[in-house]
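These notes concern the structure reproduced below.
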Amino acid sequence: MGWSDHWSFWQVGYPAIMVTDTAIFRHPNYHEATDEPAELDTLRLARVTLGLEHVIDALAKPN
(Lines give C-alpha, C1' and ligand atoms only; values in the text may rest on other atoms or scores of the structure.)
Protein backbone atom coordinates (compact mmCIF):
# COMPACT_ATOMS: atom_id res chain seq x y z
CA MET A 1 0.00 0.00 0.00
CA GLY A 2 2.92 2.38 -0.50
CA TRP A 3 0.91 4.41 -3.03
CA SER A 4 -1.78 5.63 -0.63
CA ASP A 5 -2.01 9.12 0.83
CA HIS A 6 -2.09 7.81 4.39
CA TRP A 7 0.70 5.23 4.11
CA SER A 8 3.43 7.74 4.96
CA PHE A 9 1.62 8.65 8.19
CA TRP A 10 1.45 4.97 9.18
CA GLN A 11 5.20 4.68 8.65
CA VAL A 12 5.90 7.16 11.46
CA GLY A 13 3.24 5.88 13.86
CA TYR A 14 0.30 8.21 13.17
CA PRO A 15 -3.08 6.53 12.76
CA ALA A 16 -4.67 7.65 9.50
CA ILE A 17 -7.36 6.74 7.02
CA MET A 18 -7.95 7.79 3.46
CA VAL A 19 -11.44 8.73 2.34
CA THR A 20 -11.64 8.35 -1.40
CA ASP A 21 -14.05 8.26 -4.29
CA THR A 22 -11.55 6.04 -6.15
CA ALA A 23 -10.28 9.03 -8.14
CA ILE A 24 -6.98 7.27 -8.70
CA PHE A 25 -8.81 4.85 -11.00
CA ARG A 26 -10.99 7.44 -12.76
CA HIS A 27 -9.08 10.72 -12.98
CA PRO A 28 -6.14 10.76 -15.44
CA ASN A 29 -4.55 13.77 -13.72
CA TYR A 30 -4.60 12.31 -10.19
CA HIS A 31 -1.26 13.10 -8.47
CA GLU A 32 0.21 14.44 -11.69
CA ALA A 33 1.53 17.93 -12.45
CA THR A 34 -1.73 18.52 -14.34
CA ASP A 35 -3.81 17.79 -11.22
CA GLU A 36 -5.25 21.26 -10.59
CA PRO A 37 -7.45 22.56 -7.72
CA ALA A 38 -10.07 23.55 -10.29
CA GLU A 39 -10.71 19.82 -10.80
CA LEU A 40 -12.10 19.49 -7.25
CA ASP A 41 -15.80 19.41 -6.58
CA THR A 42 -15.51 21.65 -3.52
CA LEU A 43 -19.20 21.54 -2.64
CA ARG A 44 -19.19 17.76 -2.39
CA LEU A 45 -15.83 17.82 -0.61
CA ALA A 46 -17.31 20.16 2.02
CA ARG A 47 -20.36 17.91 2.46
CA VAL A 48 -18.19 14.82 2.94
CA THR A 49 -15.97 16.68 5.41
CA LEU A 50 -18.94 17.78 7.50
CA GLY A 51 -20.35 14.26 7.42
CA LEU A 52 -17.04 12.80 8.55
CA GLU A 53 -16.94 15.29 11.40
CA HIS A 54 -20.22 13.87 12.72
CA VAL A 55 -19.09 10.25 12.29
CA ILE A 56 -15.75 10.83 14.02
CA ASP A 57 -17.44 12.73 16.84
CA ALA A 58 -19.92 9.89 17.38
CA LEU A 59 -17.17 7.25 17.33
CA ALA A 60 -15.06 9.22 19.81
CA LYS A 61 -17.81 9.35 22.43
CA PRO A 62 -17.81 6.60 25.07
CA ASN A 63 -20.70 4.14 24.94
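Side notes on the structure shown:
- The helices (runs of 4 or more DSSP H) located wholly in the chain that include 3 or more residues which are modelled with pLDDT under 90 and surrounded by 10 or more Cβ atoms within 10 Å (Cβ to Cβ) occupy 7-11.
- Sole residue being touching a residue at least 12 places away in the same chain (Cβ under 8 Å) and hydrophobic (A, V, I, L, M, F, W, C), chosen from Leu52, Leu40, Leu59: Leu52
The values are calculated or read from the model by the stated rules, or taken from the named source; none is laboratory data. Note that the structure is a prediction, hence the values are computed from the model and not measured. As a convention, Cβ positions derive from the backbone with ideal geometry for all residues, glycine included, and neighbour counts pool all protein chains shown.
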